[in-house]
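The values are calculated or read from the model by the stated rules, or taken from the named source; none is laboratory data. In this text the structure is predicted, and so the values were computed from the model without any measurement. Quick reminder, even Gly has a Cβ in these numbers, built from the backbone with ideal geometry, and neighbours come from all protein chains shown. In case anyone asks, the SASA skips ligands and DNA or RNA and just uses the protein heavy atoms, side chains included. Shrake-Rupley method; radii C 1.70, N 1.55, O 1.52, S 1.80 Å.
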Amino acid sequence: GNSVTQMEGPVTLSEEAFLTINCTYTATGYPSLFWYVQYPGEGLQLLLKATKADDKGSNKGFEATYRKETTSFHLEKGSVQVSDSAVYFCALSMDSSASKIIFGSGTRLSIRP
Amino acid sequence: GAVVSQHPSRVICKSGTSVKIECRSLDFQATTMFWYRQFPKQSLMLMATSNEGSKATYEQGVEKDKFLINHASLTLSTLTVTSAHPEDSSFYICSASRASGAPSYNEQFFGPGTRLTVL
């Protein structure tokens, strides 16, 4: 079946460090891929998405490129801030209405000042 | 815009009692609402999808009589865990989406979650 695997956390970095959170997927067909972020005490928010191969999603300095050949959608940011501390979820959906989203297990990111 | 709230944020109950969790879309009309369950360090698992005014569609393995879902209005859905037992302890998250054709209609907006502990 369809699934998402992302690196386990927690990930702890110093401010201004480079961030990569790995995400790979298994899917029959061509999914849309997402990164969601959950700040402490809040709901999940859509961070970025890509709907087809080679698309790059970007938002708030974060980027992820849909790589069909490696079935990956790694999240990157060049210089993290303390305010980026949160849990990040990689996810996929097989339909355009995003009615069924399959989530990875989440990666907790902590940024030290 | 697109804010979803849940109430309560945390609940502790005794085994055998029923617990109701509310999910509200505060500034938009949600034609579809989703209920997820999350175990520690695991993925969010979709439990059911509900459309306003109709019966919920449950995912395989989710007991309908155990997890009662009502979506009586365009801004409110409720999940009732009936005769709760310790194994029902979990983090329950709802999300809501707008009607087809509305802005961002194919995006789900998530609530902050409800932590249920059954003693």
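Of note:
- When A:Asp84, B:Asp27, A:Asp54 are compared by accessible area at a 1.4 angstrom probe, the order from most to least is A:Asp54, B:Asp27, A:Asp84.
- A simple spin-label model places the labels of B:Thr80 and A:Ala17 4.9 nm from each other, with each point 7 Å out along Cα-to-Cβ.
- Charges were assigned to the Cβ only: +1 to each Lys and Arg, -1 to each Asp and Glu. The resulting dipole of chain B about its Cα centre is roughly 240 debye.
- Chain A: relative contact order as a whole-number percent, Cα under 8 Å and 6+ apart: 37 percent
- Converting the Cα gyration tensor eigenvalues of chain B into ellipsoid dimensions via √(5λ) gives semi-axes, longest first, of 24, 14, 13 Å.
- B:Thr82 sits with roughly 30 Å² accessible to a 1.4 Å probe, with DNA, RNA and ligands left out of the calculation.
- Translational diffusion coefficient (Stokes-Einstein; Kirkwood radius from C-alpha pairs) of chain A at 20 °C, 1.002 mPa s, in µm²/s: 153 µm²/s
- Anisotropy class of the range B:6-70 from Cα gyration tensor, a/c 1.5 cut: rounded
- Cut-off 11 Å between beta-carbons: net charge of the residues surrounding B:Ala2, Lys and Arg +1, Asp and Glu -1: -1
- Only Lys, Arg (+1) and Asp, Glu (-1) charged, at Cβ; the range A:6-109 dipole about Cα centre in debye: 280 debye
- Within the listed set B:Gln29, B:Gln38, B:Gln60, the Gaussian network model of chain B (springs between alpha-carbon atoms below 10 Å) gives the highest mean-square fluctuation for B:Gln60.
- Unit Cα scatterers, Debye sum, the protein assembly as shown: log10 I(q)/I(0) for q = 0.12 Å⁻¹: -0.67
- Checking every one of the trypsin sites (Lys or Arg not before Pro) in the range A:1-63 against DSSP loop status and a limit of 16 other Cβ atoms within 10 Å picks out A:Lys52, A:Lys60.
- 28 Å Cα-Cα threshold exceeded, pairs from A:Lys49/B:Lys66; A:Lys60/B:Lys55; A:Lys49/B:Lys55; A:Lys100/B:Lys55; B:Lys20/B:Lys55; A:Lys52/B:Lys55: A:Lys49/B:Lys66; A:Lys60/B:Lys55; A:Lys49/B:Lys55; A:Lys52/B:Lys55
- Rounded Å value of the spacing that divides the Cα centres of the range A:4-63 and the range B:78-93: 29 Å
- Inter-label distance, nm, simple model (7 Å from Cα along the C-beta direction), A:Thr5/B:Cys13: 3.8 nm
- The label point for A:Tyr39 and the one for B:Leu119, both projected 7 Å from the Cα toward the Cβ, are 3.5 nm apart.
- When nucleic acids and ligands are ignored and a 1.4 Å probe is applied, A:Phe62 ends up with an accessible area of around 0 Å².
- Rolling a 1.4 Å probe across all protein chains gives A:Arg112 an accessible area of roughly 120 Å².
- Length-normalised contact order for the range B:17-107 - Cα pairs under 8 Å, 6+ apart - percent: 38 percent
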